[in-house]
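Okay, structure first, notes after.
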Amino acid sequence: MITYSYDHIHIRSRAPMETAKYFEKMFDAEIKESIQSDGQQRVDVNLGGLAIFIAKAGDATPEALKDPHLGLDHFGLRVNNLEEAVAQLKERGAEFFVEPHSIRPGVSIAFVRTPDDVRIELLQRD
C-alpha cells in the first residue's frame, strides 16, 4: 500500500529572496538558499516545519489568478491565539484581505495576502 505524506509547497516569485524575507519577517520563517533539480537557484523557507520552495518566475509568467478561480486557493497556518497573531502581523505590515471572524463555534479565521498574491489562512481551533 502506498503512503502519502506532506513534503513541500512550491511557489513562484519575480523576487524569490524578497518573498522569503517576507515570510521571515511576518512568520519568523528560516531562509535557506538551494538549487533546484534543473540547476536553477531557489530560496526555501522553513515555516514551523512547513517547507516552502520559492522559485524565480520568468518575465512571461502570468500574474496570479483573480478570485474566484479553480485550483489551489490558499494554505492554512494554525495559531493558538488568532487575535495576537493578527495584531503582530499587522504591526509587521501584513495585508489582510479577510479580517478575523468566527466561521463556526470554536473556529476563527483570517486571511493574509503575500506580495506575490499567495493567500495564507490563519486559523484558531478551540
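Taking first residues from the range 61-85 that are more than 18 Å from I9 (Cα to Cα) and partners that are small (G, A, S), the Cβ contacts under 9 Å between residues at least 6 apart in sequence or on separate chains come to V79/A85; L82/S108; L82/A110; E83/S108; A85/A110. L89 falls short on exactly one of the conditions (1) part of a strand (DSSP E or B); (2) surrounded by 13 or more Cβ atoms within 10 Å (Cβ to Cβ), and that condition is (1).
Within the option set F53, F111, F96, being assigned by TED's automatic domain parsing to the domain that holds A15 and either assigned to a strand (DSSP E or B) or free of Cβ contacts under 8 Å to residues at least 12 places away in the same chain (or both) holds for one residue only, F53. Here P115 meets each of (1) touching a Phe, Trp or Tyr at 6+ places or on another chain (Cβ under 9 Å); (2) at pLDDT 95 or above with one exception, condition (2).
Taking (1) outside any strand (DSSP E or B); (2) within 20 Å of Q124 (Cβ to Cβ) in turn, I103 satisfies each apart from (1). Select from the range 92-113 the residues that are among the aliphatic types (A, V, I, L, M) and over 17 Å from the mean Cα position of the chain (by Cα) and write down the one among them that is surrounded by the fewest Cβ atoms within 10 Å (Cβ to Cβ). So, considering only residues that are among the aliphatic types (A, V, I, L, M) and over 17 Å from the mean Cα position of the chain (by Cα), the one surrounded by the fewest Cβ atoms within 10 Å (Cβ to Cβ) is I103.
Tally time: how many residues in the range 26-45 are surrounded by fewer than 14 Cβ atoms within 10 Å (Cβ to Cβ) and farther than 16 Å from L122 by Cα?
Here the count works out to 11.
The values are calculated or read from the model by the stated rules, or taken from the named source; none is laboratory data. These numbers were taken from a predicted model, which means no experiment stands behind them. With ideal geometry, Cβ positions are generated from the backbone for all residues, glycine too; neighbour counts draw on all protein chains shown.
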